Amino acid sequence: MKIKIYAQETFTTTVTRSSIVINTEDYPELEGMNENEISDYIDNNVWDMKPTSDGVYSSLGEELSETDIDYDDITDDSTEFYVEEV
């Protein structure tokens with residue numbers, strides 16, 4: 001009997017990028033919010049928020065995604081093998 005053997009690798013990659021400092025006074029939508037409310041708002045709206053560098057990025061989310069990587073880590077790696085009859 002001939003068989004094909006497959007290997008499937010699974011892992012989790014975590015990347016932490018450099019931070020950007022913003023002045024909440026430049027973001028009127030954040031007015032009156034506490035730190036937790038601001039965090040929730042940014043989580044849900046970062047792609048629609050204006051960047052700090054006008055004309056360079058289309059959103060704060062894009063700007064944050066382009067910052068340097070401060071830290072990365074690969075965890076939870078596993079390999080599974082599958083067999084299929086040919």
For V56, indicate whether it is of a type outside the set (D, E) and modelled with pLDDT of 95 or more.
no
Log entry, pairs with first residue in the stretch 35-61 being among the basic types (K, R), second being surrounded by 12 or more Cβ atoms within 10 Å (Cβ to Cβ), beta carbons closer than 8 Å, six or more apart or on different chains, reads K50/Y27; K50/S59; K50/L60
When you check D76 against the structure, is it modelled with pLDDT of 95 or more, of a type in the set (D, E, K, R) and not in a loop (DSSP other than H, G, I, E, B), yes or no? no
In the stretch 12-64, anything touching a strand residue (DSSP E or B) at 6+ places or on another chain (Cβ under 6 Å) and part of a loop (DSSP other than H, G, I, E, B) is listed as S18
Out of curiosity, is I42 at negative phi and at pLDDT 95 or above? yes
Over the stretch 14-31, the set of residues polar (S, T, N, Q) and over 27 Å from D72 (Cα atoms) is N23, T24
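The values are calculated or read from the model by the stated rules, or taken from the named source; none is laboratory data. Just so it is clear, the model here is predicted, and its values are computed rather than measured. Glycine also receives a Cβ, built like all others from the backbone with ideal geometry; neighbour counts cover every protein chain displayed.
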